[in-house]
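The values are calculated or read from the model by the stated rules, or taken from the named source; none is laboratory data. A quick note: this is a predicted structure, and the numbers were derived from the prediction, not measured. Note that we place each Cβ from the backbone using ideal geometry, even for glycine, and neighbour counts take in every protein chain shown.
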2 protein chains.
Amino acid sequence: MAPRFTVTYFIRAQDAAEAKARALDIALEQTVEIPRNAVPKGYVEDEILGRLEALEKDLNGREGYLASISYSEDDVGGDFLQFLNIVFGNSSIKPGLRVEDILPSPGILELCKGPRHGLAGLRARAGIGESPLLMSAIKPVGLSTSALARLAGDFALGGMHFIKDDHGLVDQKTAPFAERLKACVEVVGEANSRSGGKASFVPNVTGPANAVLDRAKEAEAAGAGAVMVAPALAGYDVVRTLAADPEFALPIVTHPAFSGANVVSPDGGFSHRAYFGTLHRLMGADAVIYPNFGGRFGFTRKECLSIAKACAADMGGPKAIVAAPGGGMTFERVPEMREAYGRDVMYLVGGALLQESNLVDACRRLVAAVDPKGD
Amino acid sequence: MAPRFTVTYFIRAQDAAEAKARALDIALEQTVEIPRNAVPKGYVEDEILGRLEALEKDLNGREGYLASISYSEDDVGGDFLQFLNIVFGNSSIKPGLRVEDILPSPGILELCKGPRHGLAGLRARAGIGESPLLMSAIKPVGLSTSALARLAGDFALGGMHFIKDDHGLVDQKTAPFAERLKACVEVVGEANSRSGGKASFVPNVTGPANAVLDRAKEAEAAGAGAVMVAPALAGYDVVRTLAADPEFALPIVTHPAFSGANVVSPDGGFSHRAYFGTLHRLMGADAVIYPNFGGRFGFTRKECLSIAKACAADMGGPKAIVAAPGGGMTFERVPEMREAYGRDVMYLVGGALLQESNLVDACRRLVAAVDPKGD
């Protein structure tokens, strides 16, 4: 028998009998996808079929149950997309069903080696000790390459550690990818020379399916300090493939674009911690961007802290990664974020800085604010 | 000024003022992602910024409004993932917001050439006239290659037009991809020789991000008649890239695995027609699998028919594709499906056939049932 990994689902159900019936249905749906009376005896039934390991009433005030179902590593076949398919392929379409937690097995941790750098690696790259990391974004789409590069230079001079493309910057004619990459890497390098800092430029890596991996390598060759990928758009194996590629060594920042439906429903999709924490860590993201509480999106403080916790919890393999809350962050929010997240966090502040008349000074005030005791 | 494409969103709101504020917020969020007072005058404000074109009360009994927002083709930069990012990138994370309809512009139709074959091409490949198409699936995972190939042969002999891998079949040791592909193509070919039919084997194409496109081409070289891809897992540009690749010519069947969160919430994600209809057609899918009403999933009859309608509606470019409802279909459901869908449909019947003692006979009964008047 192969080792088994376990997924805990919230199942909307009025009583234990209904919950059990739904749980057994998930165990079928996610593995053999045929009626139970047609499941072949022996290997298929004993090994491949999902197995209901535990069922208990949900204690979070929802009308339903938590069902833990285990699946065989044999079913994964060394394919990360198939792992996700087992976790929540067809069952994603069933209403009132949510992935709460994923407990990987040794074979899954072998398939998903996790981040290459993680929190500690990002800090080393930024040249800082235990203080928080800082990231900002050049934007908006429509500015010229030189205007965007000027912003990148100011962010670097001001002390931001990672300066990323806005996730809407692709290969538009106003600032084509290769030209923008080259210009931003240069200007950030010049700023580093002047400041003694170690800021990194982080291009947005997207594009046709046959070009996206190459574009990440192009970024590395051009001197980028990390790359940003939106897994829900580019595909869920892109980050894992890059993180495991012996010919690629940059950190990977993930962006949540197009992933919202996976987390916004209280009884569909994934729990925030499972999606932005466990899954992104298994994928090999080094930093995971998600909307902070109290910003332009609807995540609660508790949901956000559950993500940060899942980024660092012992998983028996993958390094701790860094939670990068963003989405409408302002100077006024810094004390609250400091109190909530502590120092193991990456502050993503974009639009608020761009509204300041002196961008370099604004960045320096932010640097001082996030870690007043210094490093 | 570049041509603009339009997205209509359902916005949960109590009154018109709230709806308008939310709509203007989406127009910012999806394009410039900075506060309105920081948007540069000129090109960025006039061209790139999303533009609220219309706002009206929703008439479907929901508490909210329909907002039509137009976006510039300049913002897309020739990148299909960026098109999706504009349609619903960050805004996917906002609660009470749903993509109802997408109206592509000429440049989007140039980027998304749509399906290579479409409904008519699939019928030609199957050697039939105006009658419905039939698809079944070999399964479950855990069976040997020879057992799966035997099922494929029986389906072909019985008159199924497309015989696909279960979407959980990847490269498991019990039936490795290359071995299964070869065996199934052979046995389907032999069955065609005996029956005079033109059944196609449709392997499930998945795998590492750097291998998935190659695997589709491997399938073509080995004699497959189409390939199946799950875009929500493999990435949203994979189908488009394959459909546009001059060195690839097979039809593409899409599978809904992992996409459920995009459609199950009544006021999040996408409308069924926009997601499974418009988007899959823009991607270049030739047939789109989705769960039929009355099966194991919760889609309503109306939602399913809206998908079928969007598969065939005039889009000013892409060919009509075929809706392939499945998910718990049985013989008893055939008359109801015939009445609902008419003849321009692909029946996907899996588990129900596998429960029959004589699979070939069961397929033949199904063939007769879906189109009793014959071709």
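With respect to (1) buried (at least 21 other Cβ atoms within 10 Å of the Cβ); (2) not in a strand (DSSP E or B), the lone exception for A:Ala323 is condition (2).
Taken over segment A:335-355, the residue count meeting the criterion of being surrounded by fewer than 17 Cβ atoms within 10 Å (Cβ to Cβ) and either under 20 Å from A:Val202 (Cβ atoms) or within 14 Å of another protein chain (Cβ to nearest Cβ) (or both) is 1. Inspect segment A:2-16 for any residue being touching a helix residue (DSSP H, G or I) at 6+ places or on another chain (Cβ under 9 Å), under 25 Å from A:Cys112 (Cβ atoms) and surrounded by fewer than 18 Cβ atoms within 10 Å (Cβ to Cβ) and give the result as yes or no. Yes, segment A:2-16 contains a residue that is touching a helix residue (DSSP H, G or I) at 6+ places or on another chain (Cβ under 9 Å), under 25 Å from A:Cys112 (Cβ atoms) and surrounded by fewer than 18 Cβ atoms within 10 Å (Cβ to Cβ). Of the residues making up segment B:37-52, those that are more than 10 Å from every other protein chain (Cβ to nearest Cβ) and farther than 20 Å from B:Leu84 by Cβ are B:Lys41, B:Leu52.
Given the residues B:Gly294, B:Gly277, which is the only one that is assigned to a loop (DSSP other than H, G, I, E, B) and small (Gly, Ala, Ser)? Exactly one residue qualifies, and that residue is B:Gly294. Taking helices (runs of 4 or more DSSP H) as the structural unit, those lying wholly within segment A:82-181 and holding at least 2 residues that are within 14 Å of chain B (Cβ to nearest Cβ) and within 22 Å of A:Arg364 (Cβ to Cβ) correspond to A:145-158. Considering the conditions (1) surrounded by fewer than 22 Cβ atoms within 10 Å (Cβ to Cβ); (2) touching a helix residue (DSSP H, G or I) at 6+ places or on another chain (Cβ under 7 Å); (3) away from chain B (no Cβ under 14 Å), A:Ala67 is excluded by exactly one of them, (1).
Considering A:Arg281, A:Arg240, A:Arg273, the condition of being among the basic types (Lys, Arg) and under 21 Å from B:Lys94 (Cβ atoms) is satisfied by A:Arg273 alone. The number of residues in segment A:242-264 that are at the interface with another protein chain (Cβ under 9 Å from one of its Cβ atoms) and under 12 Å from A:Arg116 (Cβ atoms) comes to 3. In the set (1) touching a Leu at 6+ places or on another chain (Cβ under 8 Å); (2) crowded, with 24+ Cβ neighbours inside 10 Å; (3) not aliphatic (A, V, I, L, M), the condition left unmet by A:Cys304 is number (1). If you go through segment B:105-161 and keep only what is farther than 30 Å from A:Asp171 by Cβ and among the β-branched types (Val, Ile, Thr), you end up with B:Ile128, B:Ile138, B:Val141, B:Thr145. Every condition in (1) in contact with a strand residue (DSSP E or B) (Cβ under 6 Å, 6 or more places away or on another chain); (2) polar (S, T, N, Q); (3) away from every other protein chain (no Cβ under 14 Å) holds for A:Ser271 except the one numbered (3).
The residues listed here are B:Leu24, B:Leu55; of these, the one that is in a strand (DSSP E or B) and touching a residue at least 24 places away in the same chain (Cβ under 8 Å) is B:Leu55.
Can you pull out the residues in segment A:264-301 that are among the acidic types (Asp, Glu) and modelled with pLDDT under 95?
Within segment A:264-301, A:Asp267 is the sole residue that qualifies.
Scanning segment B:206-241 for residues that are more than 10 Å from every other protein chain (Cβ to nearest Cβ) and part of a loop (DSSP other than H, G, I, E, B) yields B:Ala222, B:Gly223, B:Ala224, B:Gly225, B:Ala226. Has segment A:312-319 got at least one residue that is within 12 Å of the chain's Cα centre (by Cα) and more than 8 Å from chain B (Cβ to nearest Cβ)? The answer is no; no qualifying residue exists. Taking segment A:27-42 as the range and being assigned to a helix (DSSP H, G or I) and either closer than 19 Å to B:Gly260 by Cβ or in contact with a helix residue (DSSP H, G or I) (Cβ under 7 Å, 6 or more places away or on another chain) (or both) as the test, the residues that pass are A:Ala27, A:Leu28, A:Glu29, A:Arg36, A:Ala38.
Please pick out the residue among A:Gly50, A:Gly61 that is at pLDDT below 95, outside the structural domain of A:Pro266 (by TED's automatic domain parsing) and within 28 Å of the chain's Cα centre (by Cα).
Details: A:Gly50 fails: at pLDDT below 95.
Of A:Gly50, A:Gly61, the one residue that is at pLDDT below 95, outside the structural domain of A:Pro266 (by TED's automatic domain parsing) and within 28 Å of the chain's Cα centre (by Cα) is A:Gly61.
For segment A:70-81, the set of residues classified as more than 7 Å from chain B (Cβ to nearest Cβ) and assigned to a helix (DSSP H, G or I) consists of A:Glu73, A:Phe80, listed by residue number. The set of residues from segment B:356-373 being over 13 Å from B:Val334 (Cβ atoms), touching a helix residue (DSSP H, G or I) at 6+ places or on another chain (Cβ under 9 Å) and modelled with pLDDT under 95 comprises just one member, B:Glu356.
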